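Heads up, the thing below is written out as structure tokens.
The values are calculated or read from the model by the stated rules, or taken from the named source; none is laboratory data. Small disclaimer: the values here were computed from a predicted structure and weren't measured. Glycine gets a Cβ as well: all are built from the backbone with ideal geometry, and neighbour counts include every protein chain shown. What goes into the accessible areas is simple: the full protein's heavy atoms, side chains included, and nothing from ligands, DNA or RNA. Shrake-Rupley method; radii C 1.70, N 1.55, O 1.52, S 1.80 Å.
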Amino acid sequence: MQNFYIDDFIMLYTANLFNILSPGANVTITICNSNTISRKAGMMTGMGIICSSSIRKGCTICGIGLIISKAFWLFQLVKYVGSAYLFYLGVQYFWRSIATQAENKNLHTILLNNSLGKSSMNHIQAFQVGFLTDVVVRI
């Protein structure tokens, strides 16, 4: 019976485990959702990160990376779309914070609303945030 590159699979997924456990944007967004929304939202964010990472490793195994590396324009397109998404997220959070400050003139109410208020994000949106964060961070 052939080996079927079992050693390579084990090495790839072990590296993936350390990649997921390392501190960075994924850990930050998971902790943020856990603290501000709920533990379930944090778990769904983590599940989104795990699914994104698994899809990425599956594409790596299938050779999608080879196809993108041969088509330079496709690689550049993926990078620019990821950069545009990060820019969009930054602008969205910036405008949301300005709108919150404009609504709440009193510093006491701003602190109270930010620390005790619940977000309207549901679990599907938390999953999407985790998934897209991992996709953009790993580009």
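A Förster radius of 30 Å, combined with the Cβ-Cβ distance separating W95 from I50, puts the computed FRET efficiency at roughly 0.50. Each residue of the stretch 70-86 was assigned a 3J(HN,Hα) from its phi angle through the Karplus curve 6.51 cos²θ - 1.76 cosθ + 1.60 (θ = phi - 60°); the sequence is 7, 9, 4, 5, 5, 5, 5, 4, 5, 5, 5, 5, x, 5, 5, 5, 4 Hz, with glycine and proline shown as x. With both labels modelled 7 Å from their Cα along Cα-to-Cβ, the I68 to Y88 distance reads 1.7 nm. What the stretch 1-73 shows is 72 Å² of accessible area per residue, with the surface traced by a 1.4 Å probe over protein heavy atoms. The P(r) of the stretch 7-57 has a tail past 19 Å containing 30 percent of all C-alpha pairs.
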